[in-house]
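For reference, the structure discussed in these notes is given below.
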Amino acid sequence: MFPRGFAWGAATAAYQIEGGWQADGKGPSIWDTFCHEEGRVFQEQDGDVACNSYELWEKDLECIRQLGLTHYRLSLSWARLLPDGTTRHLNQKGVQYYNKVIDDLLACDVSPMVTLYHFDLPQALQDQGGWKSAGVATIFDSYAKFCFQTFGDRVKLWITINEPSVCAKLGHEDGVHAPGLKEQGTAAYLVGHNMLRAHAMAWHSYNSLFRPKQKGAVSLAINSDWLEPLHPGCEEDDAATGRDLAFTLGWFAWPLFVTGDYPEIMRSAIDSQSEKLGYTGSSRLPRFSKDEPAILGTADFFALNYYTSRKVKAGGGRGQMCMKSDRDAEEVLDPSWYICGVSWLAVVPGGLRKLLKYIKDTFNNPAVYITENGFSQVGPVQIEDVQRCKLFKDTFLEVAKAIGEDGVDVRGYFAWSLLDNFEWADGFSVRFGLFHVDFSDAELRRTVYRSGREYGEIIIKHKRATDVQRLKIYTTLINKQRLHSCFV
Ligand code: BGC
């Protein structure tokens, strides 16, 4: 059952919606550079204009109001605020833009959750080594302090970095995200490490300089699939699943919530692979220095991005120096799972419930915000997206069970995404929005999908309901599902 005060939200990210890539003194980011290189993105598309939210913010606000969201998660474009990434040069127009967004949200009784970094590093910092350079952490900390100082009187929920593992792996090992590096087996670990250092510095800055007055909460958004053994009880599959979970969720959650360091399983898998390959340098997984701010305890809540699940079996290590070999686990899909739009998105709402329970049990029952979850469409647009309506409802039911039956302290849910937008390397071919955006229309018209409309109805119902009514909604949902399963 969803508690009173539950955050009903939707999320977006600056590069995916804003456009205005050169407007009013914004500096270039690594995604500007990446998209402008040939062959990087589907049909050479880019986020130069995207949903043009830089100019059309008020249209987005109408969408937010139409749904009745209580919360809206947005990210700040670092290079729009600080064109070269440093506080030496400030772009006042960027500050004005985000001030307006935040003030407008609050005026409509919508609480902002603000992400400082969602994949778009200022290019000027990439030119100095980007996330691979140790110095980036202190530069990020200065940027974070600037944002806390400028917006923190009104923003109470902060995410420092979105999905560090995606930035690290897709951007620096697989090369399919900006900055497009393919340095297998080392760079991703280094990038993840510097992201954790940057996050921890920013959290400590908030904690000592801003929290006493601003009283907000800061976390890091971790993406994770739910993983379970292909053949439960088979020793190899169980071990492979444990390893895979350590490389997925554990990589960032362990340092923040458990030990202040990476999971031991992860380090030993990497080190033993290094040994097998005759790699003689120091561990490819860096170590945290005792002289720097501690990592443990630097998340005020658990921010989870969940999309999908996988079954895991042993294998996948191909004797190469790369993350896939290090984790030595092969992920497969269950044939019964519905694939939604893109090939990686097997819809498994039950996996979310299991993951939430795992988080509760493993990380000492933290407050959890589901900071992203959603379903995509490809091909001909369906405004009446009946299937996606069902997927959202199935998911809400699983979240309700996680809260009501498993006792997980889930505080909110943010659908990805408010709008159809620039879906990274897939360009505009994949649509995750609750609102359709007509990218062929000069006005970039936004039209609510049926799933958006129904999400809005659910929100209104819950916002208005008394506790007794809420319980009734929940039991009806459960009974409906039982009835449904009798007939399947
Ligand atoms: C990212 C979003 C992205 C979504 C769907 C998440 O990993 O944070 O930026 O659009 O997944 O792929």
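Brief remarks follow.
- Single match in His462, His436 (criterion: outside any helix (DSSP H, G or I) and open to solvent by less than 30 Å² (accessible area, probe 1.4 Å)): His436
- When each of Gly427, Gly379, Gly407, Gly374 is tested for being surrounded by fewer than 21 Cβ atoms within 10 Å (Cβ to Cβ), within 16 Å of the ligand (Cβ to nearest atom) and modelled with pLDDT of 95 or more, the lone residue that passes is Gly427.
- Condition check for Val166: hydrophobic (A, V, I, L, M, F, W, C), within 16 Å of the ligand (Cβ to nearest atom), modelled with pLDDT of 95 or more and open to solvent by 10 Å² or more (accessible area, probe 1.4 Å): yes
- Residues located in the range 21-51, provided they are on the phi > 0 side of the Ramachandran plot and surrounded by 21 or more Cβ atoms within 10 Å (Cβ to Cβ): Ala50
- The range 16-45 residues that are within 17 Å of His172 (Cβ to Cβ), paired with ones that are β-branched (Val, Ile, Thr) and in a loop (DSSP other than H, G, I, E, B) (beta carbon under 9 Å, 6 or more apart): Phe34/Val41; Arg40/Val176
- The one condition in (1) touching a residue at least 24 places away in the same chain (Cβ under 8 Å); (2) at negative phi that Gln96 fails to fulfil: (1)
- Within the range 107-128, the set of residues being open to solvent by 40 Å² or more (accessible area, probe 1.4 Å) and within 23 Å of Leu220 (Cα to Cα) comprises Ser111 only.
- Scanning the range 332-344 for residues that are more than 16 Å from the ligand (Cβ to nearest atom), open to solvent by 40 Å² or more (accessible area, probe 1.4 Å) and either assigned to a strand (DSSP E or B) or over 19 Å from Lys390 (Cβ atoms) (or both) turns up Leu333, Pro335, Tyr338.
- For the range 284-299, the condition holds for no residue, the condition being that it is among the basic types (Lys, Arg) and outside any loop (DSSP other than H, G, I, E, B).
- The one condition from (1) open to solvent by less than 10 Å² (accessible area, probe 1.4 Å); (2) within 21 Å of the chain's Cα centre (by Cα) that Thr70 does not meet is (1).
- Among the residues making up the range 170-197, a single one is open to solvent by 10 Å² or more (accessible area, probe 1.4 Å), in a helix (DSSP H, G or I) and within 16 Å of the ligand (Cβ to nearest atom): Leu170.
- With respect to the conditions (1) open to solvent by less than 10 Å² (accessible area, probe 1.4 Å); (2) not in a helix (DSSP H, G or I), His231 falls short on a single one, namely (1).
- Just one of (1) among the small types (Gly, Ala, Ser); (2) under 21 Å from Gly47 (Cβ atoms); (3) in contact (Cβ under 8 Å) with a residue 24 or more places away in the chain fails for Gly433. It is (3).
- Test: residue in the range 198-208 that is away from the ligand (no atom under 16 Å from the Cβ), over 21 Å from the mean Cα position of the chain (by Cα), modelled with pLDDT of 95 or more and under 30 Å from Val347 (Cα atoms): no
- Leading residue by the ranking (farthest from Gly68 (Cα to Cα)) among those in the range 465-475 that are touching a residue at least 12 places away in the same chain (Cβ under 8 Å) and either hydrophobic (A, V, I, L, M, F, W, C) or surrounded by fewer than 16 Cβ atoms within 10 Å (Cβ to Cβ) (or both): Leu471
- For Cys167, the test of being in contact with a Gly (Cβ under 9 Å, 6 or more places away or on another chain), assigned to a helix (DSSP H, G or I) and within 25 Å of Leu296 (Cα to Cα) is passed.
- Test for Arg327: is it under 30 Å from Tyr279 (Cα atoms) and out of contact with any strand residue (DSSP E or B) (no Cβ under 7 Å at 6 or more places or on another chain): yes
- The range 104-120 residues that are under 11 Å from Gly9 (Cβ atoms), paired with ones that are assigned to a strand (DSSP E or B) and open to solvent by 10 Å² or more (accessible area, probe 1.4 Å) (beta carbon under 6 Å, 6 or more apart): Ser111/His71; Met113/His71; Met113/Leu157
- Qualifying residues in the range 215-231 (those that are more than 16 Å from the ligand (Cβ to nearest atom) and touching a helix residue (DSSP H, G or I) at 6+ places or on another chain (Cβ under 7 Å)) - the one farthest from Leu296 (Cα to Cα): His231
- Inter-residue pairs, beta-carbon under 9 Å, first at positive phi and in the range 448-462, second surrounded by fewer than 17 Cβ atoms within 10 Å (Cβ to Cβ) and aromatic (Phe, Trp, Tyr), 6+ apart: none
The values are calculated or read from the model by the stated rules, or taken from the named source; none is laboratory data. Keep in mind that what you see is a predicted model, and the values were worked out from it rather than measured. Neighbour counts run over all protein chains shown; Cβ positions are idealised from the backbone, glycine included. Please note that ligands, DNA and RNA were not included when accessible areas were found on the heavy atoms of the full protein model with its side chains. Shrake-Rupley method; radii C 1.70, N 1.55, O 1.52, S 1.80 Å.
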